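Beneath this line is the structure, given in structure tokens, with notes to follow.
The values are calculated or read from the model by the stated rules, or taken from the named source; none is laboratory data. The shown structure was predicted, so the numbers you read here are calculated from the model rather than taken from an experiment. Neighbour counts run over all protein chains shown; Cβ positions are idealised from the backbone, glycine included. Accessible surface is based on the protein model in full, side chains and every heavy atom, while ligands, DNA and RNA are left aside. Shrake-Rupley method; radii C 1.70, N 1.55, O 1.52, S 1.80 Å.
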Amino acid sequence: MGEGMTLEKLQVIIEAQTKPYRDEVEKLKKQTTTAANHVERQTAKMKKSFGGLGKMVASVLGVGAIVAFAKSCIDLGSDLAEVQNVVDTAFGDMAYMVENFSKKAIDQFGMSELTAKRTASTYMAMSKGMGIAGDKAAKMAISVAGLTGDVASFYNVSQSVADTALKSIWTGETESLKQFGVVMTQTNLQQFAYSKGIQKTIADMDQAEQTTLRYMYVTEQLSLAQGDFSKTSGSWANQIRILQERWKQLLGI
């Protein structure tokens, strides 16, 4: 547990996250016996997924609440399978790179496995659409996916907010990046290109070249944020972020 992480604080977070499910306990009691038994079988999977937090979760929540929460996790397997299909389609024989990244994402970037795979696959698909492929595209997609976690940690925003902003690398949209101090005007991009020894004007670049330039520019501008989650993983805010991502992973969202 990070500094300031107490059972009381953890209870607040857990209860806030599970309130909708605890409110459904009575309704769930009216489910058929078959459904109830299926739900109970999911509790073991859920507790195992929490790892070291399992005992603490059990000490905070009642059995009924745990069963109710487990009910919402029944479809996680199908969600993972669906995301895996997206990964395989986007990355092909480089899918192993996403597997390695996603397995460590919760500890390194505060993202669930599902979030990591979805984010990286979206970026990979966009790279292909811009004419970037192969190892270069895969590394770019995974790198930026990880950066969303660091940006979320450094600027204290949600991963989805960081994700939306960093999609600008592919879309060229500039407004959402300004909240992180990144002003990606054409003038700034052109000056950046010249500083890197690139003499070609942006107007003469194809989509792949422009996307690569924006990638170089944005990642350099956000260099202070890189690695922030792992450096501050013991902080209260990031402990909450990890816990929330674990809820999301169990929910399949």
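Quick one: net charge of Met126's neighbours, Cβ under 14 Å, K/R +1, D/E -1?
Details: positive: Arg118, Lys128, Lys136, Lys167, Arg214; negative: Asp163, Glu173.
Net of charged neighbours comes to +3.
Skip the ligands, DNA and RNA, and give the accessible area per residue of the range 118-191 with a 1.4 Å probe, whole Å². All intermediate terms of the calculation are to be shown ahead of the outcome.
Numbers: 2900 Å² over 74 residues.
That works out to 39 Å² per residue.
Of all the accessible heavy-atom surface of the range 143-222, with the other protein chains kept in place and a 1.4 Å probe, what percent is carbon and sulfur? If you can, show how the numbers build up before the last one.
On the way: 1770 of 3560 Å².
On the range 143-222, the fraction of accessible area on carbon and sulfur atoms equals 50 percent.
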